[in-house]
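Have a look at the structure below, then the notes.
The values are calculated or read from the model by the stated rules, or taken from the named source; none is laboratory data. What you see is a predicted model, and the numbers here were worked out from it, not measured in a lab. Here the Cβ positions follow ideal geometry from the backbone for every residue, glycine too, while neighbour counts run over all protein chains shown.
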Amino acid sequence: MADVIANVEIKGPPAGLEREPLVLNQRGLGWISDAIAGVAEGKTPLWWWIAFVPSVIAMSVMGAMIIYLLSTGVGIWGPGHPVMWGWAIINFVWWIGIGHAGTLISAILFLLRQKWRTSINRAAEAMTIFAVMCAGIFPLIHVGRMWFGWWLFPLPNQNSIWPNFRSPLMWDVFAVSTYFTVSALFWFMGLIPDLAVMRDRSKTKLRKFAYGLFSLGWTGSNRHWRNYEKAYLILAGLSTPLVLSVHSIVSMDFSVSQLPGWHTTIFPPYFVAGAVFSGFGMVLSLLIPLRTILKLEDIITVRHVELMCKVVLATGSIVGYAYAMEFFIAWYSGNPYERYAFINRAMGPYAWGYWVMIGCNVIVPQCFWFKRIRSNMLIVFILSIFVNIGMWFERFVIVVISLHRDFMPSNWGYFKPTWVDITTYMGTFGLFFTLFLLFIRFMPIIAITEVKGVTPQADPHHPLGGAKSGGHH
Amino acid sequence: MAATASKPYGIIAEFLTPADAIHAAEMVRDAGFRKWDVYTPFPVHGMDQAMGLDNSKVGYIAFAGGLTGYFSGMLMIWWMNAVDYPIMIGGKPMFSPYGAFPPCYELTILLGAFGSLFGMLALNRLPRLHHPLLKHRRFALASHDRFFVVIETADPKYSETETRKLLTSAGSQRIELVEE
């Protein structure tokens, strides 16, 4: 089949109303397979090694830091009286927030019939799973005696005592482990037909066996597609309340406590908006270089990037509103401790952190009102990194600034991270990028079958899909 | 049984567009075949009606999973915190459905998701390591850009000449037998 189908005339909507197609240049179905599957075939490119080697080194540093922590104790980290929760919790909330974009794209945009999701959902779901892995490390290691980590689960232990389900920390265990499991299931289910594509294209015995094994014998039978589509819809329906609940429950770790700055009812929706905001920021940071390096500009188009920028703009504005509302409520509550906590955020010793957060999370996304900025890939890439920085500082503001000045001045202090805090955090990037690069190398990074499904060639009522003009199919 | 072993699995007809495949499916459906299928690189809209298939049963399995998750969660938390080892914490009740709700909500979703994925696989009789079609040399295109209608020889209405005629009249340019 020719790569470009040229001799078909398509009537579109009137001039000025037409949308840019989701796959540019009228690419055929076969071209989509070749372009996407081709990324994971052939010789490993040089750029991949250049990215992979430092990632593995950083991951090893993280492993070394965890061993150091295990053998020595949490005293090698910055936290101490009065800031008992430090970078571990900041990093946990930051990574898990990043993980929210994948499920939002794959589930909520699916239910809303946003067809543009097909070009980005696979990579975003992979990002989600790897980000949740990075997040999961921190609560596990910050407990100090991590060999007792299994006490978090309702398993019989030597004290015959059960976990306390009245604690939000316990809810968090269930929320995060469910989120990881369901995200992985959703991702794998989407991969089944695409792994079958990889299997059918395999040239070597090993590849045929490996892709054949994981595609579970998928044939593309319509009797199978019928159950598959229903199951996908149900998983999307289940993941939507799941993704909204996960960061809500993470926020309850804070808001159920009595501490000024944490004890607020706005936290669940505000955390969810912030999570989606940071997640889309990370998707942009990952996909903008990838679409160029892998020559996938016809599938991840400028329109896709623009639409993601609009999501960043919308959620960034919600986050900005939440910051303002927190201040208003602090004043309106009449509670002097609550007021002080917020004045201290903006004008206290950590004011620099607060204003970095405001600059990155409230001001930067407002640039995306302008089409000229949204369609400039370099600027979007740079701004998306600011979004990620800003969201890290948001968690810093919430965790550290709320804790560092307790009710009495004798309980005041100034938290500083140690070099172990910093290298452990940097090391999680190594883990993340190692996994993500392996994903790029061995898996179809865009949902091949789903992208095919949204092209005009797939529509039996469209001339490119074989519909005869004037007649019923 | 040697004679049945060499019997072909079915007849395979190739189509170039989804519209042609839907048209062919309608003809096969109307001819009254039972053991047949359409193989497509992506789910084609309208194919279920064209094949005369009813709604999928995955929903019932997922629903059963969700219910199991919710109620087993409630039961577990009540038994652990209020019966087996009650500990007074912050004056809160030993068991309250509100405090127990978040973990049960997550378990509802978890087991519902298991029901959905594993229910889909069970209904599709997957995973399977072997299928006669996967050995066929052109069938790899079913995941690329072609559409195939396959009628099994096990279908009572199957007849090599008549079925081939039907598929030719449906517009297929390439019709072959598939070995078992």
So which of B:Lys35, B:Lys57, B:Lys7 is under 24 Å from B:Ile109 (Cβ atoms) and basic (Lys, Arg)?
B:Lys57
Please tell me if A:Met189 is surrounded by fewer than 20 Cβ atoms within 10 Å (Cβ to Cβ), assigned to a helix (DSSP H, G or I) and within 10 Å of chain B (Cβ to nearest Cβ).
yes
When you go through (1) over 30 Å from A:Ala346 (Cβ atoms); (2) within 20 Å of the chain's Cα centre (by Cα); (3) surrounded by fewer than 20 Cβ atoms within 10 Å (Cβ to Cβ) one by one for A:Met426, which number turns out not to apply?
(1)
Please indicate, with yes or no, whether at least one residue in segment B:49-56 is within 25 Å of B:Glu160 (Cα to Cα), touching a residue at least 60 places away in the same chain (Cβ under 8 Å) and out of contact with any strand residue (DSSP E or B) (no Cβ under 7 Å at 6 or more places or on another chain).
no
Which listed residue, of A:Ala51, A:Ala88, is modelled with pLDDT of 95 or more and among the aliphatic types (A, V, I, L, M):
A:Ala51
For segment A:146-176, the count of residues that are more than 7 Å from every other protein chain (Cβ to nearest Cβ), touching a helix residue (DSSP H, G or I) at 6+ places or on another chain (Cβ under 8 Å), surrounded by fewer than 18 Cβ atoms within 10 Å (Cβ to Cβ) and not in a helix (DSSP H, G or I) equals 2
Candidates A:Tyr179, A:Tyr232 - the one that is closer than 30 Å to B:Pro132 by Cβ and either within 11 Å of chain B (Cβ to nearest Cβ) or without any contact (Cβ under 8 Å) to a residue 24 or more places away in the chain (or both):
A:Tyr232
When every residue in segment A:390-423 that is polar (S, T, N, Q) and in a helix (DSSP H, G or I) is compared, the one surrounded by the most Cβ atoms within 10 Å (Cβ to Cβ) is A:Ser402
Could you give me the residue pairs with C-beta distances under 7 Å whose first residue belongs to segment A:88-117 and is of a type in the set (Val, Ile, Thr), whose second residue is not in a helix (DSSP H, G or I) wherever it lies, and which are 6+ apart or on separate chains?
A:Ile105/A:Ile120
Flagged in segment B:28-40 as in a helix (DSSP H, G or I) and more than 18 Å from B:Arg146 (Cβ to Cβ), in numbering order, are B:Arg29, B:Asp30
Answer with yes or no whether A:Asp200 is within 8 Å of chain B (Cβ to nearest Cβ), among the acidic types (Asp, Glu) and buried (at least 19 other Cβ atoms within 10 Å of the Cβ).
yes
The one condition B:Asp20 fails out of (1) within 27 Å of the chain's Cα centre (by Cα); (2) of a type in the set (D, E, K, R); (3) surrounded by fewer than 22 Cβ atoms within 10 Å (Cβ to Cβ); (4) at the interface with chain A (Cβ under 7 Å from one of its Cβ atoms) is (3)
